[in-house]
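**Student:** Following this message is one structure expressed as structure tokens.
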Amino acid sequence: MEEMEASGGLRDGRDRDLLNAILFGVLRWRGRLDYIIGRFSKTPLAKIDIPILNVLRTGVFQLIFLTRIPPSAAVNTSVEMAKSLGAPWVGAFVNAVLRRAAAEHGSVRFPDPRKEPVRSLAAAWAFPEWLAERWLGRYGAGPAAELFESINAIPPLTLRANTLKTRRSDLIAALQTDAEAVEACTAAPDGLRVEGLRTRMTALSSFQLGWFQVQDEAAQLVSLLLAPRPGETVLDACAGRGGKTGHIAQLMCNQGTLVALDRSGARLAALREEVRRMGVSIVSCREASLTDGPAEDAPGRFDRVLLDAPCSGLGTLRRNPDIKWAEGRKDLSRYHQTQLTLIERAAERVAPGGVLVYAVCSPEPEETVDVVRLFLAKNPRFQTDRELTELPETVRPLLDPQGFLQTYPHLRYMDGFFAARLRLKS
């Protein structure tokens, strides 16, 4: 979800910006906000009704992070909201908590990182403790803190120039007057980052002309790893709304056959509109799932198959901060089983000598290397493909010693993605 789209119902741009800042800010910093509220509320958080707790979170966020809003305005607005949601005494409760927070939040002490490193990281950077513990153990205290900090930073709008219609340099020039800053991405050859867009994106002439798609730089690298060629037959097995579908068609120079498979008719409808806007004509859509049954598309038909598998999404927390509060440790096992099933079904569609790219927007081993290793152990005809002559030089440094693509927000200013390119032996 792009932040700029969260408040599309508001007409005034300033109101939209403020609502976005509060909505995404509270989602990013919820854990820290709850810790602070807990210091000033006599009622345990678990006993506060969720709507009232959200009012408190909104108020505390404004007090700490939106310093242009006078504290009295933040408190009074929150109190009025609470009164509309509960009994009259609720307004007094919210007023008392927020007035104490306004006066004393700067003096709140967080857990000592030497004695309670997990609780300290979780509270200070607003992450669930299970995830703080996991990343602290994997990366160490310093890198984990850098990762948390980068995730909580507001990300730029990242676009991919549609080279079927324009060049990246021309798109950058066209956007200069509509944004505070526009710069080329360092790894993706068609990517660019936009800061401070002054015009609604869909109102831009470059959008209406189909000059770009919204796509994080890491997601662009996945299609580059697939490296489709003009004239090939390609399957995008979990196509979604078509971000990677559009990129694949672009890399194919709009020549060949590209099948977009997804179980959601609504997502495919959005995909059809996207490829129409982009001027793509080689895509055919199929509303189905890889798990529906035996492959209706002839087994071994596709030169290249992309499986952008359903996952926890923990690599996209910069743009989707709600995920860290929705997913849990147990969900990783569930995703793991689904991913194993999907990669087996995707592999059935690969032609001899063809390529299968498995990708997820997650850094978690259960969803990444564990899935690939188990699949390769069971399917010896597939092997990790290290013949990556088509891969741009700017992408090669992001491959690990096993040949897997792995990106992290704090290292390359992009989402956290994993991708493995596998080849079926001839």
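**Student:** Just the residues that are in contact (Cβ under 8 Å) with a residue 60 or more places away in the chain, crowded, with 16+ Cβ neighbours inside 10 Å and under 20 Å from the mean Cα position of the chain (by Cα), please, taken from the range 323-363.
**Tutor:** Within the range 323-363, K324, V357, Y358, A359, C361 qualify.
**Student:** Would you please list the contacts, defined by Cβ atoms under 8 Å and residues six or more apart or on different chains, that run from a residue in the range 55-68 that is of a type in the set (G, A, S) to a residue that is open to solvent by 30 Å² or more (accessible area, probe 1.4 Å)?
**Tutor:** G59/T77
**Student:** Between a first residue in the range 296-321 that is on the phi > 0 side of the Ramachandran plot and among the charged types (D, E, K, R) and a second residue that is surrounded by fewer than 21 Cβ atoms within 10 Å (Cβ to Cβ) and at pLDDT below 95, which pairs have beta carbons less than 9 Å apart while being 6 or more apart in sequence or on different chains?
**Tutor:** Qualifying pairs under 9 Å: none.
**Student:** Picking from R168, R160, which residue would you name as being among the basic types (K, R), within 28 Å of E217 (Cβ to Cβ), open to solvent by 50 Å² or more (accessible area, probe 1.4 Å) and in contact with a strand residue (DSSP E or B) (Cβ under 9 Å, 6 or more places away or on another chain)?
**Tutor:** On inspection, the qualifying residue turns out to be R168.
**Student:** Taking the condition more than 19 Å from D308 (Cβ to Cβ), at pLDDT 95 or above, out of contact with any strand residue (DSSP E or B) (no Cβ under 9 Å at 6 or more places or on another chain) and not aliphatic (A, V, I, L, M), does P365 pass?
**Tutor:** When the stated conditions are applied, P365 does not pass them.
**Student:** Take the range 66-96 and flag every residue that is aromatic (F, W, Y) and at pLDDT 95 or above.
**Tutor:** Passing the criteria: only F93.
**Student:** In the range 19-58, which residues are of a type in the set (A, V, I, L, M, F, W, C) and not in a helix (DSSP H, G or I)?
**Tutor:** I48, the sole residue that qualifies.
**Student:** From the list S289, S312, S281, S264, pick out the single residue that is open to solvent by 40 Å² or more (accessible area, probe 1.4 Å) and among the polar types (S, T, N, Q).
**Tutor:** The unique qualifying residue is S281.
**Student:** Let me ask something else. Please report, ordered by residue number, the helices (runs of 4 or more DSSP H) entirely within the range 185-254 with at least 3 residues that are at pLDDT 95 or above and closer than 28 Å to G403 by Cα.
**Tutor:** By residue number, 217-226, 243-251.
**Student:** Looking at (1) buried (at least 18 other Cβ atoms within 10 Å of the Cβ); (2) farther than 21 Å from P392 by Cβ, find the lone condition where L192 falls short.
**Tutor:** (2)
**Student:** Report, by residue number, each residue of the range 93-135 that is farther than 24 Å from R329 by Cα, crowded, with 17+ Cβ neighbours inside 10 Å and of a type in the set (A, V, I, L, M).
**Tutor:** If the condition is that a residue be farther than 24 Å from R329 by Cα, crowded, with 17+ Cβ neighbours inside 10 Å and of a type in the set (A, V, I, L, M), then V94, V97, L98, A101, A102 are the ones that fit.
**Student:** Quick check on this structure: which one of R114, R99, R134 is closer than 22 Å to T43 by Cα and either at pLDDT below 95 or not hydrophobic (A, V, I, L, M, F, W, C) (or both)?
**Tutor:** Only one candidate qualifies: R99.
**Student:** Would you call L204 over 24 Å from the mean Cα position of the chain (by Cα) and farther than 26 Å from A309 by Cβ?
**Tutor:** When the stated conditions are applied, L204 does not pass them.
**Student:** In addition: Would the range 364-387 turn up any residue that is within 14 Å of A227 (Cβ to Cβ) and either open to solvent by 50 Å² or more (accessible area, probe 1.4 Å) or among the aromatic types (F, W, Y) (or both)?
**Tutor:** Scanning the range 364-387 turns up at least one residue that is within 14 Å of A227 (Cβ to Cβ) and either open to solvent by 50 Å² or more (accessible area, probe 1.4 Å) or among the aromatic types (F, W, Y) (or both).
**Student:** When the range 267-278 is examined, which residues are found to be without any contact (Cβ under 8 Å) to a residue 60 or more places away in the chain, touching a Lys or Arg at 6+ places or on another chain (Cβ under 7 Å) and open to solvent by 10 Å² or more (accessible area, probe 1.4 Å)?
**Tutor:** R267, A270
The values are calculated or read from the model by the stated rules, or taken from the named source; none is laboratory data. Only a predicted model underlies this, so the values are computations on that prediction, with no experimental measurement involved. Quick reminder, even Gly has a Cβ in these numbers, built from the backbone with ideal geometry, and neighbours come from all protein chains shown. SASA here: full protein model, heavy atoms, side chains in, ligands and nucleic acids out. Shrake-Rupley method; radii C 1.70, N 1.55, O 1.52, S 1.80 Å.
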